[in-house]
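Peer 1: After the structure tokens below, expect a handful of questions from me.
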Amino acid sequence: MTLFGTDGIRAPFGRPPLDRATVVALGAELAAMLGEDGADPVVVVAGDTRASTPTLWGWLAAGLAAGGAGARLAGVLPTPGVAWLVRELGAAAGVAVSASHNPASDNGIKLFGGDGFKWPVERERALEERLARASAGRAAPADPVPANPDLASPDPASRPTGVDDRPPVGLEVEPALAGRYLAGLLEAGGNRRLEGLRVVVDSAHGAAAGRAAELLRQLGAEVVSLFDRPDGANINRGCGSTHPQEMARAVRRHGAACGVAFDGDADRALFADETGEVRDGDALLYLWARGLKSEGRLDPPAVVATTMSNLGLERALAADGIAVERCGVGDREVVAAMLRTGIRLGGEQSGHLVHLDLSTTGDGLLTALEVARRVAAAGRPLSRLLDGFRRYPQVLRNVRVASKPQLLGLPRVAAAARAAEERLGDRGRLVLRYSGTEPLARVMLEGPDQAEIEALAAEILEAIRAEVGEPQPAGTGERPR
């Protein structure tokens with residue numbers, strides 16, 4: 001049974017693995033694992049604004065109680081807030097209920113250890129194995145639950161044997177926990193002020209709603225707040241970091257210094273400069289790294305970036321004597337590389353940025369405060385602060401596949417990739433990989449000429465389709481793309 005993907009569990013709510021039986025059992029087995037590590041465990045629980053989130057809290061808490069653990073419920077809170085509170089409270093673990101940038105019909109579960117870092121893959125696999133063994137002792141789950149199940153009357157057929165899946169009596173949100181996290185964010189930046197700065201904030205109707213704008217206002221900024229009225233079903237809908245266009249337009253409309261858009265659980269952030277140009281995580285990493293180096297606080301003088309980060313980042317930072325260490329995709333991969341190399345700053349194009357002196361995981365609110373403070377302190381537009389960063393043209397294409405053998409072990413793919421690399425030489429870069437959550441092969445090419453890399457990408461995509469492409473549907477003359 002494989003439950004965990006590249007960033008925890010993620011699935012449509014009410015269907016395995018986010019059905020009642022599995023989630024309650026997961027809570028119970030998580031508690032048992034933590035109990036084996038030592039003292040009576042306490043687990044911090046929070047999540048985003050989806051309608052299904054409170055139900056999942058209840059199921060998790062019931063399972064934790066059955067396994068001998070207690071839950072402290074922080075309520076609606078950005079995922080990095082869970083990581084922060086685990087360390088602040090000395091908890092054994094943390095659980096963030098969120099599907100990040102996915103639509104409201106999905107949800108998910110992310111686990112953090114007592115050190116505030118995301119659980120390593122080995123621990124996730126061990127939990128999966130325990131769940132597989134436990135599932136042999138209970139009846140098969142019933143049909144998927146409705147969107148708002150009645151926890152007071154659980155369906156006995158879907159209840160793990162011997163576990164009451166009603167939430168423990170007295171389980172209530174502790175609002176003070178969120179307050180402690182938000183106060184910690186202000187302290188992390190030394191309460192540097194933002195007077196005179198106008199900022200547009202797109203909260204994606206998610207966990208940042210009511211939080212990000214208030215933090216910026218506390219520091220003296222003038223805030224234009226967008227998409228900050230979650231109703232349980234509108235999270236990420238046409239807004240947030242996956243749809244930053246309205247935020248960017250609002251920056252120009254309101255004459256703002258910059259704008260920021262979060263995803264549903266606010267562990268990532270994208271910006272727009274004063275011209276309305278959207279700036280991704282590579283640009284933000286460039287800004288943050290140069291600022292730290294100029295202050296003598298980037299030791300070693302290097303950052304971690306993924307294989308998908310633009311070649312322009314590498315070239316721009318090299319001009320300032322800052323090296324780039326590449327790693328696999330995912331903020332957990334970024335953090336692992338940072339811990340391995342001693343590098344303190346890293347991130348992804350998606351807007352997951354991590355500064356290990358301040359956080360253990362990507363934190364969109366922390367990133368937003370850091371960028372806003374640097375713009376305010378410089379007294380210059382964000383676009384000027386990013387003058388030295390020039391993106392190389394980049395192509396990212398996906399193709400559906402029927403299986404996932406090693407891509408460079410496929411003769412036609414290997415030949416097409418070799419031809420592309422020989423053509424580009426040191427002028428560009430090729431990355432081939434599979435999606436960690438979907439049946440997709442991904443082709444990324446960078447180079448100085450857009451038409452050239454488009455043509456090379458098309459050749460590689462065709463080679464992948466020929467070798468492992470999803471079979472064409474009956475009655476059609478072409479493969480799905």
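Peer 1: Classify segment 394-475 from the C-alpha gyration tensor, please: rounded if a/c falls under 1.5, else prolate or oblate depending on whether a/b exceeds b/c.
Peer 2: Numbers: a/c = 1.89, a/b = 1.79, b/c = 1.05.
Prolate, since a/c reaches 1.5 and a/b exceeds b/c.
Peer 1: May I pose another question? For segment 192-222, which GluC sites (Glu not before Pro) are both in a DSSP coil and crowded by at most 11 other Cβ atoms within 10 Å?
Peer 2: Within segment 192-222, the qualifying GluC sites (Glu not before Pro) (loop, at most 11 other Cβ atoms within 10 Å) are 195.
Peer 1: Right, another one. For labels at residue 454 and residue 357 in the simple 7 Å Cα→Cβ model, what's the distance in nm?
Peer 2: In this crude spin-label approximation the distance works out to 4.4 nm.
Peer 1: How large, in Å, is segment 180-317 by the Kirkwood hydrodynamic radius built from its alpha-carbon pairs?
Peer 2: For segment 180-317, the Kirkwood estimate is 15.9 Å.
Peer 1: Please work out how much accessible surface residue 470 shows to a 1.4 Å probe, ignoring ligands, DNA and RNA, in Å² rounded to 10.
Peer 2: 60 Å²
Peer 1: Let me ask another. Given labels modelled 7 Å from the Cα in the Cβ direction, how far is it in nm from residue 252 to residue 437?
Peer 2: Label at residue 252, label at residue 437, 3.1 nm between them.
Peer 1: Among 194, 270, 238, whose Cα sits farthest toward the positive end of the charge dipole of segment 161-286 (+1 at Cβ of Lys/Arg, -1 at Cβ of Asp/Glu, about the Cα centre)?
Peer 2: Farthest towards the positive end: 194.
Peer 1: Further, regarding this structure: Summing +1 for each Lys or Arg and -1 for each Asp or Glu, what net charge is found among the other residues whose Cβ lies under 12 Å from the Cβ of residue 431?
Peer 2: Values: positive: 326, 397, 429, 433, 442; negative: 421, 446.
Charge balance near residue 431 sits at +3.
Peer 1: Here is a follow-up. Percent of accessible area on the chain owned by carbon and sulfur, 1.4 Å probe? Numbers along the way, then the final one.
Peer 2: On the way: 9490 of 19240 Å².
Ligands and nucleic acids excluded, carbon and sulfur reach 49 percent.
Peer 1: Test of understanding: what is the full-extension gain from residue 295 to residue 387, defined as 0.36 nm times their sequence separation minus their Cα-Cα distance? Spell out each step's value before the answer.
Peer 2: Working: separation 92, 0.36 × 92 = 33.12 nm, distance 1.90 nm.
Additional length available on full extension: 31.2 nm.
Peer 1: Quote the FRET efficiency, to the nearest 0.05, computed for residue 396 versus residue 136 with a Förster distance R0 of 51 Å and r equal to the Cβ-Cβ distance. Present the calculation step by step, with values, prior to reporting the outcome.
Peer 2: Working: r = 42 Å, r/R0 = 0.83.
It comes out at approximately 0.75.
Peer 1: Right, something else. In the neighborhood of residue 238, defined by Cβ-to-Cβ distances under 12 Å, what is the net charge if each Lys or Arg adds +1 and each Asp or Glu adds -1? Provide the component values of the computation, followed by the final result.
Peer 2: Details: positive: 237; negative: 202, 246.
With Lys, Arg at +1 and Asp, Glu at -1, the net is -1.
Peer 1: So how strong a dipole does segment 360-481 carry about its Cα centre when Lys and Arg Cβ are +1 and Asp and Glu Cβ are -1, to the nearest 20 debye? It would help to have the intermediate numbers written out before the result.
Peer 2: On the way: 19 positive and 16 negative charges, 66 e Å.
Using Cβ point charges on Lys, Arg, Asp and Glu, segment 360-481 gives about 320 debye.
Peer 1: Return the calculated 222 nm mean residue ellipticity for the chain, to the nearest 500 deg cm²/dmol, obtained by summing -39500 (n - 2.57) across DSSP H runs with n ≥ 4 and dividing by the residue count.
Peer 2: Working: 14 runs with 172 residues, N = 481.
When only DSSP H runs of four or more count, the value is -11000 deg cm²/dmol.
Peer 1: OK, next. Under unit Cβ charges (Lys, Arg +1; Asp, Glu -1), what dipole magnitude, rounded to 20 debye, does segment 11-73 have relative to its Cα centre? Don't skip to the end; give the middle numbers.
Peer 2: Numbers: 4 positive and 6 negative charges, 66 e Å.
The dipole magnitude comes to about 320 debye.
Peer 1: If you rank 352, 101 by how much accessible surface each has, with a 1.4 Å probe, what is the order from largest down?
Peer 2: Working: 352 10, 101 70 Å².
Sorted descending by solvent-accessible area, the residues read 101, 352.
Peer 1: A further question on this structure: Is there a quick way to get the dipole size of the chain? I mean about its Cα centre, with the Cβ of Lys and Arg at +1 and of Asp and Glu at -1; what is the value in debye to the nearest 20? List each step's numbers first, then the result.
Peer 2: Numbers: 55 positive and 62 negative charges, 126 e Å.
Value, rounded to 20: 600 debye.
Peer 1: Excluding ligands, DNA and RNA, what is the solvent-accessible area per residue of the chain at a probe of 1.4 Å, expressed in Å²? Don't skip to the end; give the middle numbers.
Peer 2: On the way: 19240 Å² over 481 residues.
Ligands and nucleic acids excluded, the result is 40 Å² per residue.
Peer 1: What distance in nm separates the simple spin-label points at residue 121 and residue 195, each placed 7 Å from Cα in the Cβ direction?
Peer 2: Simple spin-label model gives 5.1 nm for this pair.
The values are calculated or read from the model by the stated rules, or taken from the named source; none is laboratory data. Given the structure is predicted, the values throughout are model-derived calculations rather than measurements. Every residue, glycine as well, gets a Cβ built from its backbone with ideal geometry; the counts of neighbours run over all protein chains shown. Remember, those area values only see protein heavy atoms, side chains included, never the ligands or the DNA or RNA. Shrake-Rupley method; radii C 1.70, N 1.55, O 1.52, S 1.80 Å.
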